[in-house]
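The values are calculated or read from the model by the stated rules, or taken from the named source; none is laboratory data. Note that this is a predicted model, so its numbers are computed, not measured. We place every Cβ from the backbone using ideal geometry, glycine too, and count neighbours over all the protein chains shown.
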2 protein chains.
Amino acid sequence: MAGHTPYHHGDLRSALLQEANVMLKESGIDGLSLRQLAERVGVSRMAPYHHFKDKHELLCALAAQGFRDLDQLVTDAGLDGSAPHDQVLSHFVQAYLRFALDNPDRYELMFGRPIWKSARPTAELREIAFACFRHYAERLIGLLNSKRIPEGSNPLRLAQASWATLHGLCRLMIDGIYVNQNDMEEVSQEAVALMMSVLR
Amino acid sequence: MAGHTPYHHGDLRSALLQEANVMLKESGIDGLSLRQLAERVGVSRMAPYHHFKDKHELLCALAAQGFRDLDQLVTDAGLDGSAPHDQVLSHFVQAYLRFALDNPDRYELMFGRPIWKSARPTAELREIAFACFRHYAERLIGLLNSKRIPEGSNPLRLAQASWATLHGLCRLMIDGIYVNQNDMEEVSQEAVALMMSVLR
DNA sequence: ATGCGTAACTTGACAGCGTCAAGATACCCT
DNA sequence: AGGGTATCTTGACGCTGTCAAGTTACGCAT
């Protein structure tokens, strides 16, 4: 059985997703071609099309997988109970930045315009992505609610704005516009200060 | 002279850039192909290569042009003298968002990973882009300096963090992750409040 | 067990892409 | 007038995503 390259692969779908992630890290989002992917998995060009309608659909599945990881990060980060809130937030920000920096092309894929705008995102992708943000918002609002919020501020809007800050930092870093890593450390701390300052 | 399609175009370089901008708006960043571009300008496939070494170089020129416009916006916005600072900032934020929303694909091109990371940005592009941010930082620091800044905060870092916020908002909007336009209005106002709150 | 429906996979083909190489044309300067 | 050079052209190559049509093998009902 082993070594005789069976006609049916067995679990091609997940093999494709796994190898695609490798290629994504190796050669970036533009370097990921279906033909190469198929070849690396040891299957013909058109085989992937029986598991994904499109290249777009494969990318969506890849992105959804990324959002599942990010969701885990959001719900897990800083659960060590009794730490002060600005420290929890600071740790979370660092973890988020590390998530993006660790696999920049995946992060770009997850949030990139090609998937969300040019073509329609999969239902699965939309679901997990929104759930991911919802969890983030709930988490942040939880942190905020124990302190008093200024009368003019809406907690949900605040959560959105703070996410935008985080996202903007990530993009500026992984796109290579901010280069100096040490600077970014300081900037992110300044961003945390910004988020917390609304509470005093 | 007119109407006999001369062998030499006359001013092909700028014609290319102009039409490229049109195509960018029409069909997005992926829909911009050199071959189509050449055809639309009325010239053969390889003609553009005598004015741009690469497709990459043409994209850089396009992005640089975008940064020149953005720079103008940064230096011009809210110069009506005596308005209160948070109103100046608010207007600037709105103008910046409009700049991005008005031509999303150009914005993506300007800040996108393909240009900055995967391939090396042109010297011209790097220059104007950094000048643009420098002007923004100077501008914001000018606004901040008239008020007192908390002892823990570094004005430059603050400028970088606020730019990240702005940039993050734009990306979330133009990438189609935030969809509701009205919500964004509120979120951006919350972001302004965030930036100003550090001053009290 | 046998036969059939169907899912998984293959090969051939096509149009479109960026770009190398080599040839044609028209302008400018001496 | 003539030669050099910048500008533009056509041909070709390998790559891409994907449509169409053929092949293989698995699973279930008889």
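Data overview
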| quantity | calculated |
| --- | --- |
| Matching option when the condition is within 16 Å of DNA strand C (Cβ to nearest atom), modelled with pLDDT under 95 and surrounded by 12 or more Cβ atoms within 10 Å (Cβ to Cβ), among B:LEU12, B:LEU34 | B:LEU12 |
| Residues within the range B:164-197 that are assigned to a helix (DSSP H, G or I), over 18 Å from the mean Cα position of the chain (by Cα) and not polar (S, T, N, Q), tallied | 12 |
| Residue in the range B:75-82 that is under 19 Å from the mean Cα position of the chain (by Cα) and among the small types (Gly, Ala, Ser) present | yes |
| Helices (runs of 4 or more DSSP H) within the range B:45-134 that include 3 or more residues in contact with a Gly (Cβ under 9 Å, 6 or more places away or on another chain) and more than 11 Å from chain A (Cβ to nearest Cβ) | B:85-102 |
| In the range A:15-31, residue nearest to DNA strand C (Cβ to nearest atom) [restricted to those that are more than 14 Å from chain B (Cβ to nearest Cβ) and free of Cβ contacts under 8 Å to residues at least 40 places away in the same chain] | A:ALA15 |
| Residue in the range B:51-80 that is farthest from DNA strand D (Cβ to nearest atom), counting only those that are of a type outside the set (Val, Ile, Thr) and farther than 23 Å from B:PRO114 by Cβ | B:ASP80 |
| Filtered residues of the range B:172-191 (kept if more than 20 Å from B:LEU89 (Cβ to Cβ) and within 7 Å of chain A (Cβ to nearest Cβ)) | B:ILE174, B:ASP175, B:GLY176, B:ILE177 |
| Pairs where the first residue, in the range A:101-129, is free of Cβ contacts under 8 Å to residues at least 24 places away in the same chain and the second is hydrophobic (A, V, I, L, M, F, W, C), C-beta under 7 Å, 6+ apart | A:ARG113/B:ILE174; A:TRP116/B:ILE177 |
| Any hit, the range B:23-42, residues being in contact with a His (Cβ under 9 Å, 6 or more places away or on another chain), assigned to a loop (DSSP other than H, G, I, E, B) and over 25 Å from B:ASP175 (Cα atoms) | yes |
| Scan of the range A:123-138 for residues that are surrounded by fewer than 19 Cβ atoms within 10 Å (Cβ to Cβ) and of a type outside the set (A, V, I, L, M, F, W, C), ordered by number | A:GLU124, A:ARG126, A:GLU127, A:ARG134, A:HIS135, A:GLU138 |
